[in-house]
Structure formats: C-alpha cells, structure tokens
Amino acid sequence: MDLILKNWVYIASGLGMTLKIALVTLLCSTLISAVLGVLATVRNRFVRGVIYLYTELFRAIPLIVNVFFIYFALPLFGVQLPPFLAVSLGLTLWGSANGIEIVRGGILSVAEHQWRSAWALGLRPWEIYWFVIVPQSMRAIVPSYTGLVTLLIQATSLGALVGVSEFLKTAQIVIERTTIMQGTNPAFVVYGVVLLVYFVICSVFTWLSRYLERRLNSDRVRPVTSTESIAS
Amino acid sequence: MSFDPNYLYAQWPALLNGLGMTVLVSVIALIASVVIGIIGAACRVLRIPVLSQLVVGYVELIRNTPILVQLFFIFYGLPSIGVQFSLFWSGVVCLSVWAGAYQVENIRGGLSTVEHGMREAAISLRLSTRQYLRLVALPIAFRSSLPALVNTSVSMLKNSSYLQAIGLAELTYVAVDRIATDFRALEMFAAIGVIYVSLVVLLSLAAQRLEHRLHRPFRT
C-alpha cells in the first residue's frame, strides 16, 4: 500500500491516459454505431452487405490482433500511427462493429406496426426515427450498450502492449522499478490494486445500466423472470 | 510492400505450431470453464449460503476487470504469495477463470428456463436435489443455454490471443515474433486473420450441428 501512495502521481497519470483513450473511443464508436446501425436497417442490399461484412470481420478477429495490425502493419503502407492513436483506432473499429449490431438489433426490435402507424400519421422519415423508433429501441439498446462500454474501458489495457503509458503500463513500470531498487516483488499488490480500480470504474457503469434499464421500463409492469424467482 | 506467398509457405510449420497451442489451450479452458459454470450455477440456484455469495463476487469481479490484468495477476502476481503456475497452465487458468464467470451466468440463465413443474415432479418422484439437477434440470438447461455457451467459447478462443502478452507461444505470439525478425507483417496478419476467422466459423458450425441434434427429440 505504501508503494501505491508513494507512486500515486505517476499511477494517476496512467489512469488519466486510460480515461482519455476510453473517452475518445467511446465518442467515436457511439457516433459510428448510431449512423451505421440505422443504415444497417435500410432496404438497400449493397449498403447492408458492406456493413454486414464490416461487423462480422471485426467481431471475428481477436481485438488484440486488430490493434497489432494497426500498429505493426499499417506502417508498411506508409501510415505510422502513434501508439495512442493506434489503440484508439483499433478499439473504435472493434467497438463500433459491436455497437452497430446492438443498434441494428434495437431498431429491429421495435414492432412493425409502430412504423406503419407513424407513416400513416404523415410523419417524415426522420421524425419517425427521432420520435417513435429511437425512444422505443432504447429499451433494447441501453443494457447491451452499457455492457459494451465496460468492455471497451477494459480493452484500453491493450495500450500497455503497444507502449501507451496507460494505467496497466504505469503499474508495470512501478513494479519493475521497485524490483530493481528494493529487490522486492510487489506484483501481487500492484496488480491487485489495478484490478480493484478497474472493478470500481466498470461497476459504476453496470449500476448505471441497471438504473437506466429500470427507468426505461418503469411504464411497463416488469415480468418477474424465473431467474429472479429461483435465485436472487 | 508486396505480398509474398512463398514466405507464408516457408513459415507454415511455425504457424501450425502456434495454431496447435491456441487450440490446445482453448479446448482445455473450454471444458474447465463449463465445469466451473455448472458448479457455480448450481451453487447459486440451490442458494448454498456462503458459496452462493462467493460465486456472485467472482462473476462480478471477472466481468468488470480486463482479462489482460487478470492474466498478469495470475502469472506475475500470484507467485509472490506462493502460488506458481507454469506458462502454459497460467494461460489455461486465466482463460478458464475468465470464461467460467460468463458460463455461470449462461447456465444459470438456462436453468431459469426449466419450468417449476419439473422440480415439483422430481420431488414427487422422490428424486434428490442432486438427481434432479443431473437428470432433469441440467440436460434441459444445457439445450437452452447452448447458444450463450458457444458465444462465450468463441470469445474465449479469441481471447486466447491475450496469452501472447506473457509469452505463451500461441498463434498471435508466433506471428508477432516472426514479424519482429522478418518484417513481413502483411503475410503474417493475413494468415492469422484467416485462421482465426476459420476457427470461429468452424466452432459456430459445430455448435449449430450440436443444437440441431439436441433438438431432435422435440421435432415432430
């Protein structure tokens, strides 16, 4: 514990970098997911096909391979990204591939007659989306999307492997320094603390997700699922 | 930089070794994670006092922390309190523990689809709780949780690539290692990209066939 207190400024800088990657990634992938997720429900086969290929490819290839490709292979094409951008881009591509699927599923979960009634009322397409479809699809989107958010926050730790001095990397450096200077190995404690910090950050989102879910469903009588009746 | 198929041909044995390691680690971890999942789900459904809460804590902890940190904790952290695994077993333990947490929830979800009448029928047939779980609930639950089990298994297969971070010679490690010496990144990434996608597709196809077979008694 003493060790953490002594190095807290350094570790905090790593945590700041982690949050920075997370923020950039979340903003970009949310934007892409929203736009392409809606586009994935249009009638045009070509548009749908291209988006399908994109999501399937990035969901099938391990995230770490994806990030390594951007960091190690893109330079061959003359695009040398600094580690921070490489990680952010890799996570954004992966996050939006998953996000598109979530948004698409959410929109498709809205009952067909909602479209027809909105159309019959003479609403314009954007009005249908904005006032009818989006609010209702949120019920399906929010729980999965907050899950994706926590996964993206966790995945920022990949930065350590390409040399971004984010949270995990700073923790590793603190361990190395201590081992060299004092001859003790604090790996257990330091990694324990790192786990705990990630746990707290991600738990906040899990709680937020449950709260939002309850609010979105507050107008419905929530069916008591058998999971809850068997075990709480 | 041009694509050189001859290079890939020359490196084929190395990649095959990596692929073997990836498959081996994944298969062992898959079996272990399903076992963890069944035990954990049973603890929760039967509401065994202390164990049930421990399982909840375990699931929450694993799901809310990065697998990479879990891996480093197991490989570098645990030895300082006297728990040491070899490189290979660290990888297996990490993947099993990670996937196990998700499998607990998957199997618990599957168990929740078993109707309550089944339990009553089992009680009236004087089956013990253990017999009920083994003979009635788990077989039914397995069917309905199979898609979720496969999803988690696919994620685990992909996550085996994290093991390169501790130096386990699996597929990604082999590729990155070769790139560091030969600088032929394009060929290597193309190769492992194709291999990972094929593995995922193969696993999904196998799961589909299994699902089809398991539903045979219910088709008319």
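The values are calculated or read from the model by the stated rules, or taken from the named source; none is laboratory data. This one's a predicted model, so the numbers in the text were calculated from it and none came from an experiment. So basically every Cβ, Gly included, is an ideal-geometry build from the backbone, and we count neighbours across all protein chains shown. In case anyone asks, the SASA skips ligands and DNA or RNA and just uses the protein heavy atoms, side chains included. Shrake-Rupley method; radii C 1.70, N 1.55, O 1.52, S 1.80 Å.
A few notes on this one:
- Long-range neighbours under 8 Å by Cβ, at least six apart or interchain, first residue part of a loop (DSSP other than H, G, I, E, B) within segment A:78-100, second not hydrophobic (A, V, I, L, M, F, W, C): A:LEU81/A:TYR71
- Restricting B:ILE31, B:ILE36 to residues that are part of a helix (DSSP H, G or I), within 30 Å of B:THR129 (Cα to Cα), open to solvent by 30 Å² or more (accessible area, probe 1.4 Å) and without any contact (Cβ under 8 Å) to a residue 24 or more places away in the chain narrows the list to B:ILE31.
- Members of segment B:134-150 found to be in contact (Cβ under 8 Å) with a residue 24 or more places away in the chain and either within 21 Å of B:SER204 (Cα to Cα) or open to solvent by less than 20 Å² (accessible area, probe 1.4 Å) (or both), listed by number: B:ALA137, B:ILE140, B:ALA141, B:PHE142, B:ARG143, B:SER144, B:SER145, B:LEU146, B:PRO147, B:ALA148, B:LEU149, B:VAL150
- Qualifying residue in segment B:156-171 (condition: within 20 Å of B:ILE31 (Cβ to Cβ), touching a residue at least 40 places away in the same chain (Cβ under 8 Å) and open to solvent by 30 Å² or more (accessible area, probe 1.4 Å)): yes
- Considered as a group, the residues in segment A:157-190 that are outside any helix (DSSP H, G or I) and open to solvent by 10 Å² or more (accessible area, probe 1.4 Å) include one that is farthest from the other protein chains (Cβ to nearest Cβ), and that residue is A:SER165.
- The residue of segment B:84-143 that is farthest from the other protein chains (Cβ to nearest Cβ), among those that are within 18 Å of B:LEU157 (Cα to Cα) and aliphatic (A, V, I, L, M), is B:VAL92.
- Qualifying positions in segment A:25-72 - in contact (Cβ under 8 Å) with a residue 24 or more places away in the chain and not in a helix (DSSP H, G or I): A:ALA40, A:THR41
- Verdict on B:LEU202 being assigned to a helix (DSSP H, G or I), without any contact (Cβ under 8 Å) to a residue 24 or more places away in the chain and open to solvent by 60 Å² or more (accessible area, probe 1.4 Å): yes
- Filtered by the rule that a residue be open to solvent by 60 Å² or more (accessible area, probe 1.4 Å), farther than 17 Å from A:GLY106 by Cα and either in contact (Cβ under 8 Å) with a residue 12 or more places away in the chain or not aromatic (Phe, Trp, Tyr) (or both), segment A:118-141 gives A:ALA120, A:LEU121, A:ARG124, A:PRO125.
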